[in-house]
Every structure is written in structure tokens, then in C-alpha cells.
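Structure, as C-alpha cells:
The values are calculated or read from the model by the stated rules, or taken from the named source; none is laboratory data. Bear in mind the structure is a predicted one, so any value in this text is a computation, not a measurement. Ideal geometry is used to build each Cβ from the backbone, glycine not excepted, and the neighbour counts take in all protein chains shown.
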């Protein structure tokens, strides 16, 4: 019994005596939350890459994928929190608040546990960033959101390096199963972005109109206050009015014609 207990401790496991289940119940909760978080992080990254690669083009499918992507990120963030907090009750590890919050402070496999702590902070930063997209801008948000790949990588290293079940087949299978699909989606995303950057521009150059007036060949309308329209003969009030190209002509209106700037025809 003693040798089995020592062997179990060396593998990172726990002494699970039937007489005192509360000694390891917190470890079970933490382990379950960790596996859940790993699965949800993998799903989040896969959905994000699929949408970035424009593989989900159907409107209804894309809308559902966006919602699922958001929910997986938030629930995964909650699972990470449960994983860390449950360790505070672990009677074998005794990490303390510093051990679960500060990298390299836990004596148990410090490099692997530090990878998990850093992954948790990155997830906390990137998970709610969806709600700040309008404030920080779509381009900045997309650049920031690429960090989710780093969250997945650090979480995988943490799980395989410090998980007590890493020696079993089922845990590495859960962690590494998404890798082929992740590589494929990443390749599609990178190659697609490269093709779009090399594609020639299809913008049409503006056509210059008469008298140096520019705006796709249409003649501007000028009022006495410098208001410009399109497609009509320029009209000027008492003061000279200039067109779009900096060259304009002032047309004097004949009072008897009854033409006014408020005329609906203008």
C-alpha cells in the first residue's frame, strides 16, 4: 500500500482513500473543470479559424457559429476560474492564492503550472474583448483576437505537463485531437489572406467632368452658400462659388426668371 501511494504521488495523482473523500473531492472538481475548459478552448479556436477562413458563408450558419463561438469562450473562461479556485481546497497540493495566481510560485511542476496561469490571464483578456470591438475598432480587435491561439497552446502545454492524468491515453487524445483540423484551418486562413492581398484592385478611377469638375463625370450644383450637388447645372448666388476641382464659374441669375435656390427643381 505504501509503495503504491508513493508511486501515485510521483505520477502527480492523489491518495483517494474511501474513508475521507473530501480530501480529493476538490481535485476531482478541478480536474473536471480543466478538461471542460480545454475542450471549450479548442472549440473556440476552431470556430474562430473557420470563420476567419470564410468557410462558413451561409448567413444562418455564420450567425450561429458566431453565437456558439462567443458562448464557448465565456463558458470556457468560467471553467478556467473553477479549475483554479477548486485547487484552493486541495488537501494534497495546498497551492494558496499565490500559487494559483502568480506564475512560477507553485513548487509542483512550476513551468507547466505557470503556462496554465498565463493562459488563464490571456483568456480573461481576450474572452470579453468581443464586447469592446466597436470601441477599439475591428482591425485592432482582430489582431488582439489572434492571441486565442496562444491561449490554446499554453493550455495544452499546461494540461499535458501538469495534469495528473497525462500518462493516460484519454487526456492526450482530448488535447491533441483538434491539432490536424487546427493546422488545416490555419493554412486555409493564411493562404486565403495572401491571395486577397495579391489580388488587383477593382476600384474605378473618378471621371473628370467639364471645367475641371471631378466626381465621376457629374456636374456639381453650387448654391450661394457653397452647397454642392450632383448631376445638375451649377447655380451661384451673389458671391462667386467654386466647384469640386477648385475651378468654378459664377452664373448670375436673372431676377425676372423667378429661379430661386429654394426651388424644388434644384
_I'm checking my understanding of the structure. Among residues of segment 6-42 that are exposed (fewer than 15 other Cβ atoms within 10 Å of the Cβ) and part of a helix (DSSP H, G or I), which one is modelled with the lowest pLDDT?_
6
_Per-region count, segment 122-149, residues surrounded by fewer than 15 Cβ atoms within 10 Å (Cβ to Cβ) and under 18 Å from residue 36 (Cα atoms)_ = 2
*Total residues in segment 55-79, condition outside any helix (DSSP H, G or I) and exposed (fewer than 13 other Cβ atoms within 10 Å of the Cβ)*: 2
*Top-ranked residue in segment 154-174 [being in a helix (DSSP H, G or I) and either without any contact (Cβ under 8 Å) to a residue 12 or more places away in the chain or outside the structural domain of residue 47 (by TED's automatic domain parsing) (or both); ranked as nearest to residue 51 (Cα to Cα)]*: 173
